[in-house]
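To start, the structure under review is shown below, and the notes come after it.
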Amino acid sequence: MRLFFFLVLLAAHPITPGLAQSPFIPFDRDYYQLIERYEIKQGFFTPSFHTGTKPYSRDEVVAFLEAYKKSSGTLSDTDDFNLDFLIQDSWEYASDSLPLSRNTIGKRFYQRPADFFYYRDQSLDVHINPVLYFQGGAETEEDNLRFRNTRGVSVRGSIDRKIGFYTMLATTDLVFPSWIKRYVTHHGALPGQGFWKRYGEQGYSFFSARGHLNFKATEHVQVVLGHDTHFIGDGFRSFVLSDFSNPFAFLKINTQIGKINFTNLWGQMTADIITDRGFPTDGRYPQKWFSFHRLGINLGERFNLGVYESVMASQMDWNYLNPVIFYRWVEHQLGTPDKVMLGTDFKWHPVKGMQLYGQFVLDEFVFNEFFGISGKGSSRNKHGFQLGYKYVPVAGINNLDVQVEYNHARPYTYQEKFAYQSYTNYRIPLTHPLGANFREVMASSTFQPLPKLRLKGIFLFQMKGKDPEPSANFGGDILKDRLETSTTLLGNFIGQGIRQETLMFTLQAEYMLRHNLFVDFSHTLRKNSGGVVAIPDVAFGQIALRLNMGRFDTHF
């Protein structure tokens, strides 16, 4: 942590007076989908609003949505409701005065629809909200109730309009559906969470905490210090960095000048955990260090190209603190002790209402083997690939949207030969939940027939090569050593090992009872074939009540 304190003091020194600042909006797929669909409907990029790196700051989102609302002409009732909802959620940054709440509690609570309590003067701006997630469900072949019980509080605001802050603390008790429980048992960790304890015979209990401070060092340079997750890209999944693993301590410097957005991110992650009979226990867990930078450029008004580079190291090294150096060169100078990955991403709006997007990440490159000159299927041909399509709205039907996405990662991608350098955090993949050695197709359709009612269907197909036994390594478990393989150098292919296929289909209905208070209904069918052991088909139905918290995604 001494490194972070040093960097914060260094970055804070040139802070410029008069630059207003806002905290970030916590990443939530459904919420962010609402924001991004208006960029797709618009059909071109707004120079000051870049969507390649998430989360977004509240002031930038409000500025984009207000501009869209003024320029879009006639809106459907549902679009008008959505835009008002999103702007009201960050009302302190709106240029126009917004209506006060009609349902206050006394004279102080819920004066604004989005805030349980707020205080605002020239020096301090504070917004306090409860965080709740109560869910219950039933699963075939399982006698016990599947449930979630989350209680917490979030606080956001700014100091002197120059330093933004956000913090959230919650406690959760839950019992997962069977397929998520198998995932947790295999990895010894929970998706999106850290330290946990057993709750009853089948459940888990844990605390969640996130927070950040941010300010603008200059008009174009923003500095963020925090403990949270990040998401790179525009898809269901990310092959670069996703919100699937535990939040980690980070320092981010974001430079945005018109069409150019340059992001530097340094993080301290948990390399492994100490367990006692399968449970996390006390002790200082080993750490690792993550360095990342991405350059995104709008090439015209419809095409955005991003290039990135990252390093995973078992120890902190000052050489990676240079924000404008080529990491691979640095790593060579050190004797190639660390894991370096390169990649690119893009999004393109060919016509108004449509978006194509994708990612390509390269873990290792040997020219003759990558292009099959010296033989096909090299274990050193390690890469991940994504291609997706969004259509908003479909055939002119108001608020009917579709998204289709294909993903694959070759065997041994994200694995590493040195200890504590795999692309994981707290034993959970930093990118795709399946790690590597898989293909996946996902599709979703969202329809909002009424302003407060949202319907969604999600289809998922996965094919993954599993290891037949713990000592084997066919390239799917990214925690294993990439040198200790169960195959030869050539002849490797996606799905090698024991092939397992998964089909999953979910229908969801969401109704907003009041601002940010939702009641959810969903029903999921899941079927597995192949694999090391037979897995029974599953039907899972649930109902949930959420307040100021996103829906937990079970599609992995």
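The values are calculated or read from the model by the stated rules, or taken from the named source; none is laboratory data. Just so you know, these numbers come straight off a predicted model, no measurement behind them. Counting neighbours? That spans all protein chains shown, and the Cβs are built from the backbone with ideal geometry, glycine included. When the accessible area is computed, the model is the full protein with side chains, heavy atoms only, and any ligands, DNA or RNA have been set aside. Shrake-Rupley method; radii C 1.70, N 1.55, O 1.52, S 1.80 Å.
Laid out as a table, the results:
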item: Accessible surface of the chain [probe 1.4 Å, protein heavy atoms]: carbon and sulfur percent; result: 61 percent
item: Cα centroid separation - the range 516-556 against the range 454-508, whole Å; result: 20 Å
item: Length-normalised contact order for the range 320-449 - Cα pairs under 8 Å, 6+ apart - percent; result: 19 percent
item: Kirkwood-type radius of the range 219-280, with distances r between different C-alpha atoms, in Å; result: 13.9 Å
item: Value in Å of the Kirkwood radius, where the range 170-302 supplies the Cα pairs that are averaged; result: 17.2 Å
item: Loop-resident sites, the range 450-555, for GluC sites (Glu not before Pro), counting at most 11 other Cβ within 10 Å (DSSP); result: Glu484
item: Shape box of the range 419-550 [Cα atoms, principal axes, largest first, Å]; result: 57, 31, 22
item: Chain lengthening between Gln315 and Arg302 when straightened (0.36 nm per residue, less Cα-Cα); result: 0.6 nm
item: Computed lengthening from His227 to Leu387, 0.36 nm per intervening residue step minus Cα-Cα distance; result: 54.6 nm
item: Asn144/Val394 FRET efficiency (R0 45 Å; Cβ-Cβ; nearest 0.05); result: 0.65
item: Whole-number accessible area per residue in Å² for the chain, which is evaluated in the context of all protein chains at 1.4 Å; result: 43 Å²
item: Mean separation of Cα contacts under 8 Å, 6 or more apart, over the residue count of the range 136-236: relative contact order %; result: 23 percent
item: Qualifying aspartates and glutamates (Cα of each under 12 Å from Cα of Lys339; at least 8 residues distant if same chain); result: Glu309, Glu331, Asp363, Glu364, Glu416
item: Lys70 versus His332: modelled label distance in nm, points set 7 Å from Cα along the beta carbon direction; result: 5.0 nm
item: Prolate/oblate/rounded label for the range 11-130 (Cα gyration tensor, a/c 1.5); result: oblate
item: Packing-based order for 172-185, 225-238, 54-67, using average beta carbon neighbours within 10 Å, highest first; result: 225-238, 54-67, 172-185
item: The range 215-228 - phi-based ³J(HN,Hα) in whole Hz, Karplus 6.51/-1.76/1.60, Gly and Pro as x; result: 7, 9, 6, 9, 4, 10, 10, 10, 10, 10, 10, x, 9, 6
item: All-pairs alpha carbon distance profile, the range 436-484, 5 Å steps from 0, percent; result: 5, 16, 17, 12, 10, 10, 8, 8, 7, 4, 2, 0
item: Flagged links, alpha-carbon separation over 27 Å, of Lys181/Lys417; Lys216/Lys352; Lys288/Lys480; result: Lys181/Lys417; Lys216/Lys352
item: For Phe326, distant residues with modelled amide H under 5 Å away; result: none
item: Segment Phe521-Thr104, length gained on full extension (0.36 nm per residue, minus Cα span); result: 147.4 nm
item: Hz values of 3J(HN,Hα) by residue in the range 509-517 - Karplus curve (6.51, -1.76, 1.60), Gly and Pro given as x; result: 10, 10, 10, 8, 6, 7, 3, 6, 10
item: Distance (nanometres) between label positions extended 7 Å along Cα→Cβ at Ile325 and Ala509; result: 5.8 nm
item: The range 251-324 - Rg over Rh from alpha carbon coordinates, Kirkwood radius; result: 1.19
item: Helical contribution to [θ] at 222 nm, DSSP H n ≥ 4, -39,500 (n - 2.57), averaged over the chain, rounded to 500; result: -4000 deg cm²/dmol
item: Ordering of 157-169, 109-121, 338-350 by burial proxy (mean other Cβ atoms within 10 Å per residue, highest first); result: 338-350, 157-169, 109-121
item: Separation of alpha-carbon centers, the range 380-402 and the range 70-148, rounded to whole Å; result: 28 Å
item: Fraction in percent of alpha-carbon pairs per bin - 10 Å, the range 155-197; result: 20, 35, 18, 19, 8
item: Rounded, prolate or oblate (a/c below 1.5 giving rounded, otherwise prolate when a/b exceeds b/c) for the range 512-556 by Cα gyration tensor; result: prolate
item: Relative contact order (%) - criterion: Cα under 8 Å, at least six apart; region: the chain; result: 13 percent
item: Descending Cα extents along the principal axes, the chain, whole Å; result: 69, 58, 52
item: Prolate/oblate/rounded call for the range 106-260, Cα gyration tensor, a/c under 1.5 rounded; result: oblate
